[in-house]
Amino acid sequence: HRDLHSFPTRRSSDLAVESALDQRFDEFEVLVIDDGSDDGTVDVLESITDPRLRLLRLARNSGPGVARNAGIREARGSYIACLDADDLALPDRLATQLPVLDGHEDVVLVTGGVDVREVEAGRSSVFRLSLAAGAMSWQVLFDNPIVTSAATFRKDAALSVGGFLE
């Protein structure tokens with residue numbers, strides 16, 4: 001298994017797709033929404049022969065809300081686990097989050113902890129977003145503490161509220 005804590009020289013989008021395909025979970029699809037990229041990402045994706053990978057190309061760059069909503073509509077499954085091109089999913093993400101949704105029909109969204117790594121001027125720094133008891137209840141008063149790339153949610157619930165703001 002790969003060391004997701006290093007700072008590789010490969011493109012972050014390649015690593016994001018790789019981390020999605022490396023999930024320790026059965027029966028899922030990885031739907032990549034190409035939002036008008038011009039950096040060779042499509043060529044790399046088209047060279048991957050994994051049957052779980054599907055590519056949806058948008059005609060032009062329309063922003064993350066439009067891309068996410070296109071993905072939600074196109075997804076074949078009941079759950080959506082977003083992952084932005086510059087983010088990585090740990091291998092047990094789906095195996096940890098999906099049983100919570102499966103076991104609790106009243107739960108619409110689950111999220112997980114996030115390590116945010118920033119690279120600046122050749123140095124890196126790490127800070128962690130807390131999921132400690134009560135921390136999210138406090139944070140939600142001031143901001144949205146849910147990081148999209150750490151959240152997994154019910155497709156039908158997202159569609160019922162109109163998806164992401166575009």
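The values are calculated or read from the model by the stated rules, or taken from the named source; none is laboratory data. What you see is a predicted model, and the numbers here were worked out from it, not measured in a lab. We place every Cβ from the backbone using ideal geometry, glycine too, and count neighbours over all the protein chains shown.
Scanning region 36-55 for residues that are within 20 Å of LEU15 (Cβ to Cβ) and modelled with pLDDT of 90 or more yields a count of 5.
Entry remark, region 62-82: residues being under 16 Å from VAL17 (Cα atoms) and at pLDDT below 95 number 0 in total. Among the residues of region 76-103, those identified as of a type in the set (D, E, K, R), within 21 Å of ALA158 (Cα to Cα) and surrounded by fewer than 19 Cβ atoms within 10 Å (Cβ to Cβ) are ARG76, ASP84, ASP102.
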